[in-house]
1. Quickly rank 6-12, 19-25, 65-71 as a protection proxy: mean count of other C-beta atoms within 10 Å, highest first.
2. Mind jotting down the distance between the C-alpha centroids of region 16-36 and region 59-85, whole Å?
3. What's the long-distance tail for the chain, i.e. % of Cα pairs beyond 16 Å?
4. Report the calculated FRET efficiency for residue 82 and residue 3 (r = Cβ-Cβ distance, R0 = 22 Å), to the nearest 0.05.
5. What 222 nm value per residue comes from the helices of the chain, counting each DSSP H run with n ≥ 4 as -39,500 (n - 2.57) and dividing by all residues, nearest 500 deg cm²/dmol?
6. Grab the Cα-Cα distance for residue 56 and residue 68, subtract it from 0.36 nm times how many residues apart they are, and report the gain in nm with one decimal.
7. In nm, to one decimal, how far is the residue 42 label point from the residue 19 one, both placed 7 Å along Cα→Cβ?
Amino acid sequence: FSKAGFGGAVADFEAAVLAQDAKRSGKAFVRLQETFGQAKEADLLDGGPRLAAVLEQVPPGPRAVVAVLVGACVERGADAERCAP
């Protein structure tokens, strides 16, 4: 894994999804959920758009949760336009 926290989880999830690595993306998906509540503002501002960018490549089940996380990033300050599909 890369750095700790939500920012690290976003980076790991993004890389795993792009590499089509199901095992790694599954682990990073769990970390996204575990670290969101303590995420720093900068990680939310950056993470929302990054998660939105890979959303179409995420399988349907976890895609719904990732979409909710993107929306929660917007609620906490991420740019809604950059997070839009």
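Readers should treat all values here as calculations from the given coordinates under stated rules, not as data from a laboratory. Just so it is clear, the structure is predicted and the values come from calculations on it, not from any experiment. Cβ placement follows ideal geometry from the backbone for every residue including glycine, while neighbour counts extend to all protein chains displayed.
1. Top of the packing list down: 6-12, 65-71, 19-25.
2. Cα centroid to Cα centroid, the span is 15 Å.
3. It works out to 42 percent of all Cα pairs.
4. Computed FRET efficiency for residue 82 and residue 3: 0.55.
5. -23000 deg cm²/dmol
6. Numbers: separation 12, 0.36 × 12 = 4.32 nm, distance 1.37 nm.
So the extension gain works out to 3.0 nm.
7. 2.5 nm
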